[in-house]
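Down below is the structure, laid out as structure tokens.
The values are calculated or read from the model by the stated rules, or taken from the named source; none is laboratory data. All figures in this text were calculated on a predicted structure; none of them were measured in a lab. Quick reminder, even Gly has a Cβ in these numbers, built from the backbone with ideal geometry, and neighbours come from all protein chains shown. For accessibility, only protein heavy atoms count, side chains too; no ligands or nucleic acids. Shrake-Rupley method; radii C 1.70, N 1.55, O 1.52, S 1.80 Å.
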Amino acid sequence: MDTVERAAALRQYAEETSTCTRCALAQGRTQVVFGSGSHDAELMFVGEAPGFHEDQQGVPFVGQAGKLLEKLLAGIGLTRGDVYIANVLKCRPPGNRNPAPEEVAQCSPHLLQQIELIKPKLILAMGRFAAQTLLETSASIASLRGRLHRYAGVPLIVTYHPAYLLRTLEDKAKTWEDLVFAKKTMAGL
Ligand code: URA
């Protein structure tokens, strides 16, 4: 698939997903937050689920956590437009509660299809929820960081969630390390 075909296929899938009613989150959402960024991205970031601002705007990571993510990206010479950003869940859980297992089960095919279409070289799972869900583990972020895992056949690196970093400044340096590790890994892929 060339870049034009890939862009069209991703747009069409986003269109199909915009009316998804696979789980009960469809009832409370303003809109589906499919994902944003480059359809040709080599690096894909995966967070947890849309929050209030994302649900309003239809774009992932547009709140405070998103601002920090943009700074982290700038640190490795990238902008939002260079990467692809998505969440495990495409709809906002009410009151930002944790995603329920059945919601994840119903929504995972959307993420898998995004990965299949974009074919990133590397996935960055941000935060405990994304990491534990994608890797099907209950291990901590601390124990999962610093090495390569795989999800859907794609190499995956685990790092902290930007919202967590806003509260826990001392782990920011570790996130820089993870991003540098991601950049080095990309260079060798
Ligand atoms: N937190 C997430 O995990 N995803 C978003 O899109 C926003 C905040």
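If you restrict to DSSP beta bridges whose two residues both lie in the chain, what percentage is antiparallel, to the nearest 5?
30
Let me check I've understood the local charge: for Q27, count other residues with C-beta under 15 angstrom from its C-beta, Lys and Arg +1, Asp and Glu -1. What total comes out? Display every interim value, and only then the final one.
Working: positive: R22, R29, K90, R92, R97; negative: D55, E102, E103.
Net of charged neighbours comes to +2.
Packing-based ranking of 149-157, 132-140, 48-56, 27-35 yields 48-56, 27-35, 149-157, 132-140, ordered from highest to lowest mean Cβ neighbour count within 10 Å. Run a plain Debye calculation on segment 3-188 (Cα atoms as equal point scatterers, no solvent) and give log10 I(q)/I(0) at q = 0.12, 0.13, 0.15 Å⁻¹, rounded to two decimals, same order as the q list. Each listed q maps to, in turn, -0.51, -0.61, -0.83. Protein heavy-atom surface of the chain, 1.4 angstrom probe: 52% of the accessible area is carbon and sulfur, with nucleic acids and ligands not counted.
Can you give me the accessible area per residue for segment 3-188, using a 1.4 Å probe, in Å²? Don't skip to the answer; put the middle values down first.
Details: 8820 Å² over 186 residues.
Each residue of segment 3-188 exposes 47 Å² on average to a 1.4 Å probe.
Segment 1-70: Rg/Rh from Cα coordinates, Kirkwood Rh? Don't skip to the answer; put the middle values down first.
On the way: Rg = 13.3 Å, Rh = 13.4 Å.
Result for segment 1-70 is an Rg/Rh of 0.99.
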